[in-house]
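The values are calculated or read from the model by the stated rules, or taken from the named source; none is laboratory data. As the structure is a prediction and not an experimental result, all values here were calculated from the model. Cβ placement follows ideal geometry from the backbone for every residue including glycine, while neighbour counts extend to all protein chains displayed.
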Amino acid sequence: MVDVKANEMNVLTQLIKHSEASKELLEKIATFKSIRWQYPLENQLQWMKDNLESNDIHLLVYQDDKLIAYTNFVDIEVVVNKNPTKCMGIGNVCTVESGKSYGNILMNAINNSITQNNWNGILMCKESLVSYYEKFDWILANTKKNEPNNLNIMTYNFYDQIGEIEYFDRNF
């Protein structure tokens, strides 16, 4: 699965199913993630092996052929208002550097991917990031924070009012 979109800023987004990602690409992603999270390459690769499944998706954002941002979409299930609901969990949101609007480009790519594929999006974040994600129309779920990490749960592209949301699935 490769979905490449371009815009006026020479930005390309690429969606690749985890099962179709080459070893070289996974190493490139792991190296990229190490910029933001100071874990060795081997730890990053092991995390992907332990936590990503074949139908999960990597989203890569390039500007002028340089990888500037990355995230992954993880096929999960949450319980919304006591009903099991399929979602895409957004994890490992990262950019090559801060202060260049790469995060904004990434968030727009995430939202476009969710909308185009008619997915329900969910992410978990620290309190300090809630207002950032709200700028991109993500909604803070009116629920207890995810335990034990005490993270806020945010949603995108849900049609129903969320009274309660629970997540017990895997890491993303």
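Just a few scattered comments:
- Single match in Glu24, Glu42, Glu53 (criterion: in contact (Cβ under 8 Å) with a residue 24 or more places away in the chain, surrounded by fewer than 18 Cβ atoms within 10 Å (Cβ to Cβ) and charged (D, E, K, R)): Glu53
- Residue list for the stretch 32-85, restricted to those being basic (Lys, Arg) and under 27 Å from Phe168 (Cα atoms): Lys33, Arg36, Lys49, Lys82
- The residues of the stretch 70-108 that are of a type in the set (A, V, I, L, M) and under 11 Å from the mean Cα position of the chain (by Cα), listed by number, are Val74, Met88, Ile90, Val93, Leu106, Met107.
- Pairs, first touching a residue at least 60 places away in the same chain (Cβ under 8 Å) in the stretch 157-168, second among the aliphatic types (A, V, I, L, M) and buried (at least 16 other Cβ atoms within 10 Å of the Cβ), C-beta under 6 Å, six or more apart: Ile162/Val80; Ile162/Ala141; Ile165/Val78; Ile165/Val80; Ile165/Ala141; Ile165/Ile153; Tyr167/Val78
- Here Tyr102 clears all of (1) over 26 Å from Glu53 (Cβ atoms); (2) free of Cβ contacts under 8 Å to residues at least 40 places away in the same chain; (3) buried (at least 17 other Cβ atoms within 10 Å of the Cβ) except the condition numbered (2).
- Subset of the stretch 62-93 (residues that are among the hydroxyl-bearing types (Ser, Thr, Tyr) and under 11 Å from Asn120 (Cα atoms)): Thr85
- Some residue of the stretch 122-143 being modelled with pLDDT under 80 and of a type outside the set (Phe, Trp, Tyr): yes
- One residue stands out in the stretch 55-102 among those that are of a type in the set (Asp, Glu) and within 19 Å of Gln14 (Cβ to Cβ): the one that is modelled with the highest pLDDT, namely Asp56.
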